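The values are calculated or read from the model by the stated rules, or taken from the named source; none is laboratory data. It should be emphasised that the depicted structure is a prediction, and the values quoted were computed from it without experimental measurement. Using ideal geometry, Cβ is built from the backbone for each residue, glycine included, and neighbour counts are taken over all protein chains shown.
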Amino acid sequence: MRTSRRAVLSSAGTAATLGVAGCLGGGGGSDIPDYDCDTSPPAESVSELSRPVIGDPDSDVTVAVFKDFACPHCATWELEEAPTIESEYVDPGIIRYEHWDFPIPVHDTWSPGVANAARGVQDRQDDEAFFAFAKTAFEHHESYSWDIVGYAAEEAGGDPCSAIRDGESGTYEPVVSDDRATGIDRGVQGTPTVFVNGDPVAEPTADAVSAAIENAR
């Protein structure tokens, strides 16, 4: 979905009402398979799962990013800004880079659904697979479908039908909700919100986050 401004929480801390234009039509392109999955019965709910982390888990500098998988500004961060942080600070092992779920929700189905699917990929595989899933998912954020969720899981080396089932059933909803509650406690009001060592960065750009990292080192 597209919004004309950064996704923002309502004052009550519940779902925001956003002005939106239409999503791109279709199933996301000819490269997306048509998955015929039996997603019943739903998987049992999972209430605890470790934080998705890349980089040096023991670094003195932690970058924590709160994201909604349906937020177009989160897609901009993920696809245009985060690669700079990854190449300059994550890959060399300078920082600990954390993902936090914060479904506003921008979209009632895809904000929680894709988050649940992503955490399932993490649980069955590892954190690297989680971030690979996230990249592919954000590439298709304007035209989500359950086939795209399955495709993102398969691209990350996971099982597409398990990811679709987790997304539809909300298998990891307790985990996702706990992240969101933490974000509210930390003052998150929109997505993406980036913290460096617990301090919010004014703008979710590579330049601003890089400057905060350098100040924290």
Checklist outcome for this item: With the first residue restricted to segment 123-140 and required to be under 10 Å from Ala153 (Cα atoms), and the second required to be aromatic (Phe, Trp, Tyr) and outside any helix (DSSP H, G or I), Cβ contacts under 9 Å at 6 or more apart or on different chains are Ala134/Phe69; Ala137/Phe69; Ala137/Tyr144
Checklist entry - Considering segment 99-149 alone, what residues qualify as being farther than 18 Å from Cys37 by Cβ, of a type in the set (Gly, Ala, Ser) and crowded, with 24+ Cβ neighbours inside 10 Å? => result Ser111, Ala115, Ala134
Next on the checklist: Just to be sure I understand the filter: pairs with C-beta atoms under 6 Å, separated by 6 or more residues or on different chains, first member in segment 94-110 and in contact (Cβ under 8 Å) with a residue 12 or more places away in the chain, second member in a loop (DSSP other than H, G, I, E, B) and charged (D, E, K, R). Which pairs pass?
Outcome noted: Arg96/Asp56; Glu98/Arg51; Phe102/Asp68; Pro103/Asp68; Ile104/Asp68; Val106/Asp68
Item to check | Failed condition for Ser59, given (1) touching a Gly at 6+ places or on another chain (Cβ under 8 Å); (2) not in a loop (DSSP other than H, G, I, E, B) | outcome: (2)
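Yes/no matrix, rows are residues, columns are (1) under 23 Å from Ile164 (Cα atoms); (2) in a helix (DSSP H, G or I):
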site	(1), (2)
Ser50	yes, no
Val63	no, no
Ala70	yes, no
Cys74	yes, yes
Ile85	no, yes
Gly93	no, no
Trp100	yes, no
Gly113	yes, yes
Checklist entry - Would it be correct to say that Ile213 is over 25 Å from Thr84 (Cβ atoms) and among the aliphatic types (A, V, I, L, M)? => result no
Checklist entry - Here are Val194, Val176: which of them is touching a helix residue (DSSP H, G or I) at 6+ places or on another chain (Cβ under 8 Å), assigned to a helix (DSSP H, G or I), buried (at least 21 other Cβ atoms within 10 Å of the Cβ) and not aromatic (Phe, Trp, Tyr)? => result Val176
Item to check | Some residue of segment 164-171 being in a helix (DSSP H, G or I), more than 20 Å from Arg51 (Cβ to Cβ) and in contact with a strand residue (DSSP E or B) (Cβ under 8 Å, 6 or more places away or on another chain) | outcome: no
Next on the checklist: Tell me the residue from Asp56, Asp38 that is surrounded by fewer than 15 Cβ atoms within 10 Å (Cβ to Cβ), at pLDDT 85 or above, over 19 Å from the mean Cα position of the chain (by Cα) and charged (D, E, K, R), please.
Outcome noted: Asp38
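Among the residues of segment 117-132, write down those that are among the acidic types (Asp, Glu) and in a helix (DSSP H, G or I).
If the condition is that a residue be among the acidic types (Asp, Glu) and in a helix (DSSP H, G or I), then Asp123, Asp127, Glu128 are the ones that fit.
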